[in-house]
Every structure is written in structure tokens, then in C-alpha cells.
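Report on one structure; see the data block that follows.
The values are calculated or read from the model by the stated rules, or taken from the named source; none is laboratory data. Quantities reported herein were computed from a predicted structural model and do not represent experimental measurements. Cβ: placed from backbone, ideal geometry, glycine included. Neighbour counts: every protein chain shown.
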Amino acid sequence: MSYYYKYNFTTPEPIFATVKEELKSYFDTGAVDDLMFPAYVDSCLKKLGRATDPIQEIPLFVEDFQARLPDNFISVREAWMCAEIPLDSYQGANSFYSQAISAETIQIAPVVINSVPCTSPTCTNGCDECMPEVAQGVYKTNYSIDRSYQQVYLLKPGNISARANCDLEYMPSWKTYGQNPGASSIDSFDIRDNKFVTNFRTGTVHLIFYAIEYDKDGAQLIPDNFRVQEYIESYIKSKVFETLTNQVNDETFNQLQQKFLYYKQEADEAYIMADIEIKKQTIAHKQRAIKRDLNRLNRFELPNSSYRRRNN
């Protein structure tokens, strides 16, 4: 079972607006612009590591030893081999309320009762005058979700020398290859040409991967975390003054360099705080760590001991 913490992600546009407002005089004169802001955000997130990337899940249906990866794929976190096992369906948590028996079609106007439309000219207040005894029903629909796949084991990253068009040339020599030609192990996978390549012809893989997401304006989303956003803001300010030191301005080079060093120090300090923040244990991680410490010596207890316990 995979345990991980998922951040809420937001757009970096408020940070861009803050930087441009606080350094308004430089942007109004055209000495600098916000063209490089998305690149600076990408540099900050790469420096902080994979903890700042969204984690998504998707089923991959492998056909002919390969499956196409999502467009926003960055790297694999976990890849689970799944087996098709019939399981009991479960009822969804949401309900759908409608005024029609069929959940697909809802007729609002005109009101139809027993296939007879309400078209009376004297009907001024809806159908209360012509059909006073008729009450319009409300139907509640609950959906059931079928389950037919179950996680079996984790796939391992390996180096599979698979061809573009896989064939069965190795089948006569399966004993020599161990049923796994060109792979490091029998349960390995490879990433190549935006494809998930396996050593089994068909199957289902539950892929948990790091992704990249953008807002409607094309800006890369960032974690909704104060320390991370503070680091991005300080880093952008330092890069702005670094750009100004390489241009001709009304201020002297020493003045711009002092401002650059000031914001560079702020960015370095903010990076340390952001790095500490993303490495902190969550409440769930602390609970699992406490249980693990309580149970770490259970294997040394006698099987028939009355003091044997399991801390759950």
C-alpha cells in the first residue's frame, strides 16, 4: 500500500503580481519584464525535488508489451501489476436527484403527466389549476461501481531491450532466457519514447506517477504551501536584480549589487525553510512511525508468551 501526502496546488499568478507591484518602478520603465517568471518557477520546483510535483494515478492497459503514458507524465513513483479478479461492487458515495425516472433525461418544460402535456390555456400558475391532485415526484439514483482488478505486486525498473515491433522469436529458447529476454528481472518495466514498456504482452498496470500541471494561462501550478511560495517569490526577486546588474540603469552597479545580494540571501534562507517544510512528517507518518517502533521487537518474543501483543 502506498502512503504519500498530496499537496493542494494553485497558480503562481499572485506571486508574479506581488513581485511586479513591489518592484513597480523597474517594470514600468521596461528595464525588466515577466517573460522569465515561468522558467524561474520551474527552477525552484526542480531544486526542491519531486515533493513539489503533483501525484496522480491512472490505469494502463498494456497491449503488445507497451502502453502510452499520459502527456503530463514526469516520472514513475509506483507501478503495480494488477490481476483481473471478480470483486463485489460497492455503492458510490454520491446520489443524483431528478424529477424523472430515467437519470439520463430530465424534462423541465412543458410538464408531462402520464404522457399528457399540460397545455390548458387557463393554467396560469403552473399545473396547480388544471391538475391540482398531481404531485411531481423526485427520484433518487445511486450508482454502483464494479471492481474487477486487484493490485498483486510492484513492478521494478529494468533495462528491457524491446524492439519497436515485438515478436516471439525467443519462445523456442525460453529456458535459456528464463521467459524474460532482455530484462533485468521477470517483473521489470522500462520507459521509452513516452511509452511504458513491459515484458508481458497484455495486462493492466496501476501507475502512480509524478505529473506536471498548468493553469488556464499556461503557468505551472505550485504547492499551496507558504514556505514554498515564499521561496519562489524571493528567488524571482533575486533574479530580477541579477538581470538589472547586467544592464545600463540610472542606479550604479554597487547599488544594484547590494540589492541583488540582499534578495539572494533571502532566497537562500527561504530555500532552507521550504526544504525543511516539505521534509516534515505529517500526522499520519508520525502515527505509522510510533506503531513501527512499538512493534519492532515483537519478533523476539516467544510464540506462547502471555506478554505477546500487537500494537495496532
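Rundown of residues vs (1) part of a loop (DSSP other than H, G, I, E, B); (2) out of contact with any Ser or Thr (no Cβ under 7 Å at 6 or more places or on another chain); (3) outside the structural domain of LEU23 (by TED's automatic domain parsing), yes/no style:
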{"residue": "ARG201", "(1), (2), (3)": "yes, yes, yes"}
{"residue": "GLN229", "(1), (2), (3)": "no, yes, no"}
{"residue": "LYS237", "(1), (2), (3)": "no, yes, no"}
{"residue": "LEU256", "(1), (2), (3)": "no, no, no"}
{"residue": "GLU269", "(1), (2), (3)": "no, yes, no"}
{"residue": "MET273", "(1), (2), (3)": "no, yes, no"}
Filter the range 250-264 down to residues that are of a type outside the set (D, E, K, R) and surrounded by fewer than 11 Cβ atoms within 10 Å (Cβ to Cβ) and give me whichever is farthest from GLY49 (Cα to Cα).
THR252
Exception for ALA267 within (1) surrounded by fewer than 16 Cβ atoms within 10 Å (Cβ to Cβ); (2) within 37 Å of the chain's Cα centre (by Cα); (3) not aromatic (Phe, Trp, Tyr) falls at (1)
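Yes/no per residue for (1) surrounded by 14 or more Cβ atoms within 10 Å (Cβ to Cβ); (2) part of a helix (DSSP H, G or I); (3) without any contact (Cβ under 8 Å) to a residue 24 or more places away in the chain:
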{"residue": "ILE15", "(1), (2), (3)": "yes, yes, no"}
{"residue": "TYR26", "(1), (2), (3)": "yes, yes, no"}
{"residue": "VAL32", "(1), (2), (3)": "yes, no, no"}
{"residue": "LEU35", "(1), (2), (3)": "no, no, yes"}
{"residue": "ALA39", "(1), (2), (3)": "no, yes, yes"}
{"residue": "LYS47", "(1), (2), (3)": "no, yes, no"}
{"residue": "PRO59", "(1), (2), (3)": "no, no, no"}
{"residue": "ALA67", "(1), (2), (3)": "yes, no, no"}
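Can you tell me which residue is nearest to LYS6 (Cα to Cα) among those in the range 270-285 that are surrounded by 11 or more Cβ atoms within 10 Å (Cβ to Cβ), modelled with pLDDT of 80 or more and not β-branched (Val, Ile, Thr)?
Filtering first and then ranking leaves GLU277.
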